[in-house]
Amino acid sequence: MSNTDVRVRFAPSPTGYLHVGGLRTALYNYAFAKANNGKFILRIEDTDQNRYVEGAVENLINTLGWAGLQYDEGPEKGGDFGPYFQSERLDIYKRYADELIAKGKAYYAFDTPERLQQLREEQMEKKLQPKYDKFALSLSKEEVHAKLEAGEPHVVRLNVEPGPKVIIDDIVRGKVEFDRDVIDDQILIKSDGFPTYHLANVVDDHLMGVTHVIRGEEWLSSTHKHVLLYEYLGWDLPRFAHLPLLLNSDRSKLSKRQGDVAVESYREKGYLPEALNNFVALLGWSFGDNTEFFNMQQFIDSFTLEKVHKAGAIFNIEKLNWLSAEHLRSRSADEILILLREEIEKSKYNNDELSDDYLKLIIEAMRERVSFAFEYLQKSPYFFEEVSSYDEDVIKKRWKAETPDHMSALADAFEKMDNPGDKHDYESVLRATAESLGVGAGKLIHPVRVATSGMGTGPGVFDLLYILGKEKVVERIRKAVDSIKIG
Ligand code: GLU
């Protein structure tokens, strides 16, 4: 097979939101397609009528778009293998169910729920694995025909016949074997006429030319049924690659109960898509060295299915936070400016009053101190509003009896400055003032920081002063001198 033939798919059921495990599946499929010059398909598996959620598909497409995982074929985009919604392909599944029935590889079954329940209980009592007993196969052709004519509720079941073990040659898991005699006669068409996941999935993967089925490990236990369907339909198997489970730190299966699993909620919290992708990429795969911080292209260049791990991957939120900060810091000031303007838009501050140049100075000064764009506002509000209170602990430690005089002298000196051109101008004035007062520079540096920002920490103090500008600095120092009272 030439590389250009690679076709992979992400096949979510639209349940309302995109799970981080789903993002990982989509990401690995996307990277595999890109790495092999193949096609990445989005297929919506919406045959479960009970699980329909309004707006789920739009949400899913939007979230994939946010993550930058553009698909080559799928809803809205189209393609030669559509429709890409399973609910629009019902006649196709019916056709293949009919073909299986004609070949004796599937059959109609008319059992009532009560009979199935009773069968199950009897088998459990005998400590047998619950499994359909092929009762429907004892019906004659005429009986089946009559029941169908009479509109009796029915399903179509796979007719699992004796034979050699079913072997799945999984790229991640290696060879996984199943005895045929433990495989249940899986329902292929439900009584509502809709196909089950198994039939629809296999038919679509075949018709859509999928070469590699890359999905979560929870589907491994269904794969032997799929392999049988391929066999009975006379189709070539795709390659399978089952991705390891995602685990909480206590090694339980990643669940909503222990934290967020929806990609949307990470997006809302301000995580960058490249950070989440980087993090999710590491859930079950690694470069092979200690590299943890990378961008999408580096991931694509290095991704192979052979490098996917077998062991469950632990979801470590600290690592996500670290990556988030690293990715934000590696964005250019212009890119961060866009994010910051979005945050300002959501806040009580006004974008129109803030120039790009001013915001870019803040971005550079705070770059190493923020992990999220919203933290520019949270950690340095003094760039956006007046100082209305002063950190009490800092005052206690830094604001001495002589400080008001020192600060007044400093404000006078700053006031006399002629167009300060950069932070060094503030530094030399402050140092000269300290010298003339006969004190160390530290005696002025700490108080002037709290006077102008209300806080004890922040960017370099001379950056702070330069960004605020002479007028504000002088005004804030004088206000602090008037309002800070020490006991
Ligand atoms: N519809 C299944 C899901 O929701 C797809 C599993 C598969 O990729 O085969 O995850």
Quiz item: Just checking, how many residues over region 15-29 are assigned to a loop (DSSP other than H, G, I, E, B) and either within 9 Å of the ligand (Cβ to nearest atom) or surrounded by fewer than 24 Cβ atoms within 10 Å (Cβ to Cβ) (or both)?
Solution: 3
Quiz item: Checking Asp192 against (1) surrounded by fewer than 18 Cβ atoms within 10 Å (Cβ to Cβ); (2) within 15 Å of the ligand (Cβ to nearest atom), which test does it fail?
Solution: (2)
Self-check item: Condition check for Ile171: among the β-branched types (Val, Ile, Thr) and either farther than 21 Å from Arg43 by Cβ or more than 16 Å from the ligand (Cβ to nearest atom) (or both)
Solution: no
Exercise. Give the residue that is surrounded by the most Cβ atoms within 10 Å (Cβ to Cβ), with candidates limited to residues of region 203-222 that are within 9 Å of the ligand (Cβ to nearest atom) and assigned to a helix (DSSP H, G or I).
Key: Asp205
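Of the residues Phe40, Phe32, Phe10, only one is in contact with a Phe, Trp or Tyr (Cβ under 6 Å, 6 or more places away or on another chain), within 14 Å of the ligand (Cβ to nearest atom) and hydrophobic (A, V, I, L, M, F, W, C); which?
Details: Phe32 fails: in contact with a Phe, Trp or Tyr (Cβ under 6 Å, 6 or more places away or on another chain); Phe10 fails: in contact with a Phe, Trp or Tyr (Cβ under 6 Å, 6 or more places away or on another chain).
Just a single option satisfies the conditions, and that option is Phe40.
Rundown of residues vs (1) more than 13 Å from Thr25 (Cα to Cα); (2) at pLDDT 85 or above; (3) surrounded by 17 or more Cβ atoms within 10 Å (Cβ to Cβ), yes/no style:
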| position | (1), (2), (3) |
| --- | --- |
| Pro244 | no, yes, yes |
| Asp250 | yes, no, no |
| Leu254 | yes, no, yes |
| Val261 | yes, yes, yes |
| Asn277 | no, yes, yes |
| Gly284 | no, yes, yes |
Practice problem: Scan (1) within 20 Å of the chain's Cα centre (by Cα); (2) surrounded by 19 or more Cβ atoms within 10 Å (Cβ to Cβ); (3) of a type in the set (A, V, I, L, M) for the single condition Ile314 breaks and write down its number. | Solution: (2)
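Output the number of residues of region 35-62 satisfying the condition of being outside any loop (DSSP other than H, G, I, E, B), polar (S, T, N, Q) and in contact with a strand residue (DSSP E or B) (Cβ under 9 Å, 6 or more places away or on another chain). Spell out the reasoning first.
In the first step, residues of region 35-62 are kept if they are outside any loop (DSSP other than H, G, I, E, B); the result is 35, 39-42, 44, 49-51, 56-62.
When the remaining residues are screened for being polar (S, T, N, Q), the result is 49-50, 59, 62.
Going one step further and asking which of them are in contact with a strand residue (DSSP E or B) (Cβ under 9 Å, 6 or more places away or on another chain), we end up with none.
Result for region 35-62: 0.
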Self-check item: Output for region 161-198, where each listed residue is among the charged types (D, E, K, R) and outside any strand (DSSP E or B)
Solution: Glu161, Lys165, Arg173, Asp179, Arg180, Asp181, Asp184, Asp185, Lys190, Asp192
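Only one of Glu274, Glu268 is acidic (Asp, Glu), closer than 22 Å to Leu328 by Cα and more than 10 Å from the chain's Cα centre (by Cα); which? Quick ask: steps written out before the conclusion?
Details: Glu274 fails: more than 10 Å from the chain's Cα centre (by Cα).
After ruling out the rest, the residue left standing is Glu268.
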Self-check item: The lone exception for Glu386 - which of (1) loosely packed, with under 12 Cβ neighbours inside 10 Å; (2) part of a helix (DSSP H, G or I); (3) acidic (Asp, Glu) it fails
Solution: (2)
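With Asn59, Asn50 as the choices, which residue is surrounded by fewer than 16 Cβ atoms within 10 Å (Cβ to Cβ) and within 16 Å of the ligand (Cβ to nearest atom)? Write out each step before concluding.
Values: Asn59 fails: surrounded by fewer than 16 Cβ atoms within 10 Å (Cβ to Cβ).
Criteria check complete, one pass: Asn50.
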Exercise. Go through region 401-448 and give me each residue that's over 49 Å from the mean Cα position of the chain (by Cα), outside any helix (DSSP H, G or I) and among the charged types (D, E, K, R).
Key: Glu402, Lys416, Asp418
Self-check item: Failed criterion for Ala451 (all others in (1) crowded, with 19+ Cβ neighbours inside 10 Å; (2) farther than 14 Å from Asp405 by Cα; (3) within 44 Å of the chain's Cα centre (by Cα) hold)
Solution: (2)
Exercise. Starting from region 119-144, take each residue that is more than 19 Å from Asn159 (Cβ to Cβ) and list its partners that are of a type in the set (Val, Ile, Thr), counting only C-beta distances under 9 angstrom and pairs at least six apart or across chains.
Key: none
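Are any residues in region 223-234 more than 12 Å from the ligand (Cβ to nearest atom) and touching a strand residue (DSSP E or B) at 6+ places or on another chain (Cβ under 9 Å), and if so, which ones?
Applying the first criterion (more than 12 Å from the ligand (Cβ to nearest atom)) to region 223-234 yields 224, 227-234.
His224, Val227, Leu228, Leu229, Glu231, Tyr232, listed by residue number.
Of Ser371, Ser324, which residue is in contact with a Ser or Thr (Cβ under 6 Å, 6 or more places away or on another chain), buried (at least 16 other Cβ atoms within 10 Å of the Cβ) and not in a helix (DSSP H, G or I)? Full working, then the answer.
Values: Ser324 fails: not in a helix (DSSP H, G or I).
Being in contact with a Ser or Thr (Cβ under 6 Å, 6 or more places away or on another chain), buried (at least 16 other Cβ atoms within 10 Å of the Cβ) and not in a helix (DSSP H, G or I) holds for just one of Ser371, Ser324, which is Ser371.
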Quiz item: Can you pull out the residues in region 223-237 that are part of a loop (DSSP other than H, G, I, E, B) and of a type in the set (A, V, I, L, M, F, W, C)?
Solution: Trp235, Leu237
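The values are calculated or read from the model by the stated rules, or taken from the named source; none is laboratory data. Remember, predicted model here, so these are calculated numbers, not experimental data. Note: ideal-geometry Cβ built from the backbone for every residue, glycine included; neighbour counts use all protein chains shown.
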